[in-house]
There are 2 protein chains.
Amino acid sequence: MTHEAGIPLGIRFKLLSDTPQDSAAQVVNNVVVGDYRDLDTLRAFARGCDVVTFDHEHVPTEHLRALQADGVVVRPGPDALVHAQDKGVMRAKLDAIGIPCPRHRIVSDPADVAAFAAEGEGFPVVLKTVRGGYDGKGVWVVNSAEEAADPFKAGVPVLAEEKVDFVRELAANVVRSPHGQAVAYPVVESRQVNGVCDTVIAPAPDLEEHLALQATEMALTIAKELDVVGHLAVELFQTRDGRILVNELAMRPHNSGHWSMDGAVTSQFANHLRAVLDLPLGDPRPRAKWTVMVNVLGGDFPDMYPAYLHCMARDPQLKIHMYGKDVKPGRKVGHVNTYGDDLDDVLERARHAAGYLRGTITE
Amino acid sequence: MTHEAGIPLGIRFKLLSDTPQDSAAQVVNNVVVGDYRDLDTLRAFARGCDVVTFDHEHVPTEHLRALQADGVVVRPGPDALVHAQDKGVMRAKLDAIGIPCPRHRIVSDPADVAAFAAEGEGFPVVLKTVRGGYDGKGVWVVNSAEEAADPFKAGVPVLAEEKVDFVRELAANVVRSPHGQAVAYPVVESRQVNGVCDTVIAPAPDLEEHLALQATEMALTIAKELDVVGHLAVELFQTRDGRILVNELAMRPHNSGHWSMDGAVTSQFANHLRAVLDLPLGDPRPRAKWTVMVNVLGGDFPDMYPAYLHCMARDPQLKIHMYGKDVKPGRKVGHVNTYGDDLDDVLERARHAAGYLRGTITE
């Protein structure tokens, strides 16, 4: 999707890909297959690149520091990116700059989890390994010290957080360039199913203006204070008592911004590229009153083609984005965007298409 | 641009390119460099393709017939495409199906040109080689038999046409799929400078509804009668006396449809792909009241980068599409799209950006 956004801008890619079958490797012209955890591979790859950027946060921080020391332009830089790689570092920094977060601290063992619970609202408590989590992986909700053994098995520090009493999840997406220009997309509502993003509504319906403003300001503050270059997605909780708390950070185009591909003047992918190349940023404003994104998950039928035909025929306005991945149950294999003036209609169309493609809706 | 549109649809390309530097070859994953005039090259290339389509009309008709005989799916097929390759064949067919054209006939020599002129309104007369013309090449406007020698030198049949007294040029873009589904984009106004498309306004301002309908019906009729599969651009004259006449046909995404990339629900590139793959077609309706496309021509400055920065900073809503071509004076190296409610503003923004990129506007 980043390559797609780069074509009209005249931006040419070299891609470091795990396998030749990766989504991006199917469409980019210049592909190097290699392991992003190997510094020599990274060094050889980075040679000749004007700038190196990412579509995930898993490249080891120390390797990025080594590249930077070699003179490679890495954006976002490792000192920013570490906050999206390590939840412990992230929470400490957000505390330091006064950004509201769920109550939290690093815990050392199950007994310490019980102590953390006792310091606040009690169980349930959310436990997260500080590194390596993604789409609900590396996250546990535990109701007792006895249930809290698993997170400590990986040998990675564990962060305990209060289980926030939220009415919904929001996301504030902003993009910042090296000389400090920043743009903010409208705050969106993000609905998760089984810990995986399912639906995003842009803008978040019925969000009070002061909360939207607060969420946007928080994201812009984080981008500035962490010296983020590129896209920053700030996943947020809107609490029952009317507060906005930061859940997670991502420093790359993010699922909560996929709606922007068809719903905003400038997509998150285009603005991420413009930012990391220090080009002036594009207008992030919505093009429609409502835009809805629903993820397409793999279902029980590996061949989505008949469903794909059906969805295009049913809704000629539907925007389908398929990733070229093999279909496996529960795997994100694409998303659909719909837009229009009537939120109920826009939501129904997106849900129907995604459900039909997955096979959970058959008519 | 076709690859860009194919990415979200999950469509993967194999590209036959003249050189590794061609625009498409810079961005497509699977590139074969070879000569499209060589049948063996075409045969080897087509192996394994679900469908073969084009971004120009120059592949020899007989080679396409040979591929078809081999069982290759060629869309549009050679029997349709020949009407976009040979202006003599095109005029004869349009006459046969009752589509209004400028007065015309094949002429044999300069004396015959004088006879053609005398049969109608006299000089000037437009002369075109029936094959090989493009962007004003292969077209002459002559004021006498003496001026009419050049067109006959190529040894290609020459078509004479009345010089139409037109108030403006229009284009009707339609897309048709193999089983006959068709969609029509709004009729646009196309402004040429020195025989090259300069500006396209969608929809054509102040076009009377019956003329818009007539132009659209003509394009749909041509698509059906010629059995076009894919995108068909019908370039039209709107005459001073209120008629619509066909100027040229193109059977591929066309410059007069570039506005649709940012201005329509479904771009001409996406719909061309959907058509040639026999997928249901997407909604061709405009997303904005007005969309304007202006071509970016190469100017005297080979390095467009500073201008590119300036244009992005000046107008964050500007949609730039660069083709990755070396800048040569007068060469189409990209286009810009703008859209909005106020036509004057939309036109000014597009013209300014294109002029600034070319170097003809410096403030």
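Checking the cross-link pairs A:LYS319/B:LYS14; A:LYS14/A:LYS87; B:LYS128/B:LYS325; A:LYS14/A:LYS325; A:LYS319/B:LYS332; B:LYS93/B:LYS163 against a 26 Å limit on the alpha carbon distance flags A:LYS14/A:LYS87; B:LYS128/B:LYS325; A:LYS319/B:LYS332 as lying beyond it. Inter-part distance, segment A:202-235 to segment A:312-363, computed on C-alpha centroids, equals 27 Å. Measuring only protein heavy atoms, the 1.4 Å probe finds A:ARG351 accessible over about 100 Å². Of all aspartates and glutamates in the structure, those lying under 14 Å Cα to Cα from B:LYS289, and not within fewer than 8 positions of it along the same chain, are B:ASP206, B:ASP262, B:ASP341, B:ASP342, B:ASP344, B:ASP345. Once B binds A, the 1.4 Å probe can no longer reach about 3500 Å² of accessible area, counting both sides.
Summed over the residues of segment B:269-363 and divided among them, the accessible surface reaches 41 Å² per residue at a probe radius of 1.4 Å.
In segment A:16-46, the residues that give up 20 Å² or more of accessible area when the other protein chains are added, compared with the chain on its own (1.4 Å probe), are A:GLN26, A:VAL27, A:ASN29.
Spatial offset of segment B:241-257 relative to segment A:151-197 amounts to 51 Å, using the alpha carbon center of each. Can you give the FRET efficiency to the nearest 0.05 for B:ASP50 and A:CYS49, using r as the Cβ-Cβ distance and R₀ = 41 Å? Using R0 = 41 Å, I get an efficiency of 0.75. Extension gain, A:VAL196 to A:THR61, is 46.0 nm, computed as 0.36 nm per intervening residue step minus the present C-alpha separation.
Rolling a 1.4 Å probe over the protein heavy atoms of segment B:2-85, with every protein chain left in place, gives an accessible area that is 47 percent carbon and sulfur. The charge dipole of segment B:79-221, taken about its Cα centre with unit charges on the Cβ of Lys, Arg, Asp and Glu (plus for the first two, minus for the last two), comes to roughly 480 debye. Shown for segment A:278-297: residues covered by the partner protein chains by 50 Å² or more of accessible area relative to the chain by itself (probe radius 1.4 Å), namely A:LEU279, A:PRO280, A:ARG287. For chain A, the residue among A:LEU281, A:TYR36, A:PHE13 whose Cα projects farthest onto the positive side of the dipole built from Cβ charges is A:PHE13. Note on segment B:103-162: with neighbouring protein chains present and a 1.4 Å probe, carbon and sulfur make up 57 percent of its accessible heavy-atom surface. For segment B:166-358, with all protein chains in place and a probe radius of 1.4 Å, 49% of the accessible heavy-atom surface sits on carbon or sulfur.
Computed about its Cα centre, the charge dipole of segment A:103-162 is approximately 280 debye, with only Lys, Arg, Asp and Glu carrying charge at their Cβ.
Burial annotation for segment A:252-270: residues with an accessible-area loss of at least 50 Å² between the isolated chain and the complete set of protein chains, computed on heavy atoms with a 1.4 Å probe, are A:VAL265. Rounded to the nearest 20 debye, the dipole magnitude of the protein assembly as shown is 900 debye, with +1 charges on Lys and Arg beta carbons, -1 on Asp and Glu beta carbons, and the Cα centre as origin. Treating r as the C-beta distance of A:ARG285 and A:ASP342 and R0 as 25 Å, the FRET efficiency rounds to 0.80. Close amide H pairs (under 5 Å, H built 1.01 Å from N) link A:VAL74 with A:VAL52, residues at least 5 positions away or on another chain.
Protein heavy-atom accessible surface, 1.4 Å probe, per residue over segment B:103-162: 49 Å².
The values are calculated or read from the model by the stated rules, or taken from the named source; none is laboratory data. These figures come from a predicted structure and were not determined experimentally. All Cβ positions, glycine included, derive from the backbone under ideal geometry; neighbour counts span all protein chains shown. Areas reflect the complete protein model, heavy atoms only, side chains present, ligands, DNA and RNA absent. Shrake-Rupley method; radii C 1.70, N 1.55, O 1.52, S 1.80 Å.
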